[in-house]
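The values are calculated or read from the model by the stated rules, or taken from the named source; none is laboratory data. Everything numeric here is computed off the predicted structure, so don't read it as measured data. All Cβ positions, even for glycine, are placed from backbone atoms using ideal geometry, and neighbour counts span all protein chains on display.
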Amino acid sequence: MTEELSRLSVRKAVGLLGSRQISAVELTTAALERLHQADSLLHAMVTVTADDALAQASEADRAIGSGRTSALTGIPVVIKDNMCTRGVRTTCSSRMLENFVPPFDATVVARLKGAGAVILGKANMDEFAMGSSTEHSAFFPTHNPWDLSRVPGGSSGGSAVAVAADECLFSLGSDTGGSIRQPAGFCSIVGLKPTYGRVSRYGLVAFASSLDQIGPLTKDVGDCALVMNVIAGHDPCDSTSVADSVPDYTRSLERDIRGLRLGVPREYFVAGMQAGVEAAMRAAVARLEELGAIIDWDVSLPHTRYALAAYYIIAPSEASANLARYDGVKYGYCHMDAGSVWQAMERTRQFGFGPEVKRRIMLGTYALSAGYYEAYYLKAQKVRTLIRREFDAAFQKYDALVTPTSPTVPFRIGERLDDPVQMYLADVCTLPINIAGVPAISVPAGFAGGLPVGMQLIGKPFGEEVLLRIAHSYEQATSWHNMKAPAPGSLDHAG
């Protein structure tokens, strides 16, 4: 029964809780037992707050008993460890913040609590969200539940694994260049990066402020829509938050996709794409066409080829500025064995940051330095404008674009650690979307060699409704989302 409860979707669990067939304490206990059983192998979690979760579940049961329910009352969730949680440490999987306990909740966390969700703990990630494999955590790498020898993607790898392995019913991740969608694709779950400004970033530890966005990772598209109903909307604490009204995303699932125009940009079928991934993608597009969508394979977004280079100028530059605050003076790690304040600051950053974070800080500092600003950063911003205009032009003709989420299946742990360029190429299909600020969703689209393949749907600004509609129609016409990673007892045999 415990395993059955942990496998529930959010919507199914909401129904069972509302009809009093199960209790929130039973559901939370099942999730915690599953987490305890599986996470010794998967390492998805940095911090587990079992006592707090059970207390929240008890309160949820009292609320249900008195008829005071909200959208997510009693539903167990895991939060990526770069979102502030009052009274619970928020580490960003970095030694720099290993013992940092925020005095406030991020807006998305406050909204989940307000909706009655039960927070199980904080998920592992690449340090300060800088990575594509969750190998850059300062604590431990996270393993893919489909094959323990492979990465789950990153930087929201822990959040994705917790959902894929039924350690929670849904999770939150952040996406700066693909960090929700790529792990969702690698773990065969649903991951949505909303339009920039649709979900508040207040309380999200900044990586690259013009690119970062929070979004849900869920077991199916319906759950994704339900969670978006809770976390989306204007927040006066976030100056980049958009004040537009938020629709009921679950209503978009009721319609089919007949007559929708979908473009397939050729630039996303990149050199080096694995044959199995391409075959799965072509089959997925064919299925969309069978469902009534009008498919155009003759689409070109030529500036996409420059997106990777532009991203790795813009993102490190913003990271260089954002991470300057970690100086060992105000909060976080401080190296005490130093002869002067300047030496203490230098050693704090030397020992507090991991190698990937230091690499990106140096890249960004160089790009912003005198004599190089116009040659690198300013030029990258001009390329960004061209990429955004290209998407705008495409959406004059198409309702959405269809691409692979990643050109490969999950790669082996350690395979790309010594080759940063190959690691960065893992996000080649996802990072143009962050540069343009538009929404995109990854949904399970099959397997290649027994490993998950994700399909990415890209939409117009604030066009999440259309993306969810297409994703849901495809999901209902296929069975990929019903396929589960190995059960706890068999995880040690995976791979």
Can you confirm whether the range 142-163 contains a residue that is at positive phi, part of a loop (DSSP other than H, G, I, E, B), modelled with pLDDT of 95 or more and not acidic (Asp, Glu)?
-> yes
List the pairs whose first member sits in the range 306-325 and is closer than 14 Å to Arg388 by Cα, whose second member is basic (Lys, Arg) and buried (at least 18 other Cβ atoms within 10 Å of the Cβ), and whose Cβ atoms are under 6 Å apart, counting only residues at least 6 apart or on separate chains?
-> Ala310/Arg384
Within the range 293-325, tally of residues that are among the acidic types (Asp, Glu) and part of a helix (DSSP H, G or I) = 1
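For the range 235-258, check the following and say yes or no: at least one residue is closer than 30 Å to Leu308 by Cβ, among the charged types (D, E, K, R) and in a loop (DSSP other than H, G, I, E, B).
Our first condition is that a residue be closer than 30 Å to Leu308 by Cβ; within the range 235-258, this holds for 238-242.
Then drop every residue that is not among the charged types (D, E, K, R), which leaves 238.
With the extra rule that they be in a loop (DSSP other than H, G, I, E, B), the set shrinks to 238.
Yes, that holds for at least one residue.
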Pick from the range 1-46, criterion in contact (Cβ under 8 Å) with a residue 60 or more places away in the chain and hydroxyl-bearing (Ser, Thr, Tyr), ranking: surrounded by the most Cβ atoms within 10 Å (Cβ to Cβ) | Thr28
Can you tell me which of Ala115, Ala129, Ala162 is over 17 Å from Gly414 (Cβ atoms), surrounded by fewer than 24 Cβ atoms within 10 Å (Cβ to Cβ) and either in contact (Cβ under 8 Å) with a residue 60 or more places away in the chain or among the hydroxyl-bearing types (Ser, Thr, Tyr) (or both)?
-> Ala115
Quick check: anything in the range 41-57 at pLDDT 95 or above, closer than 29 Å to Pro236 by Cβ and part of a helix (DSSP H, G or I)?
-> yes
Helices (runs of 4 or more DSSP H) wholly in the range 380-495 with at least 2 residues that are crowded, with 24+ Cβ neighbours inside 10 Å - which ones?
-> 431-436, 464-476
Of all residues in the range 90-104 being closer than 24 Å to Val227 by Cβ and over 19 Å from the mean Cα position of the chain (by Cα), the one that is surrounded by the most Cβ atoms within 10 Å (Cβ to Cβ) | Pro102
Restrict the check to the range 273-292 and report whether at least one residue is in contact with a Lys or Arg (Cβ under 9 Å, 6 or more places away or on another chain) and either part of a loop (DSSP other than H, G, I, E, B) or of a type in the set (Lys, Arg) (or both).
-> yes
Qualifying residue in the range 148-159 (condition: surrounded by fewer than 24 Cβ atoms within 10 Å (Cβ to Cβ) and either under 15 Å from the mean Cα position of the chain (by Cα) or not basic (Lys, Arg) (or both)) | yes
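Conditions tested, residue by residue: (1) within 30 Å of Phe447 (Cα to Cα); (2) under 26 Å from the mean Cα position of the chain (by Cα).
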position	(1), (2)
Gly364	no, yes
Leu386	no, yes
Gln396	no, no
Arg412	yes, yes
Asp419	yes, yes
Applying the selection to the range 273-287, what residues are surrounded by fewer than 17 Cβ atoms within 10 Å (Cβ to Cβ) and within 24 Å of the chain's Cα centre (by Cα)?
-> Glu278
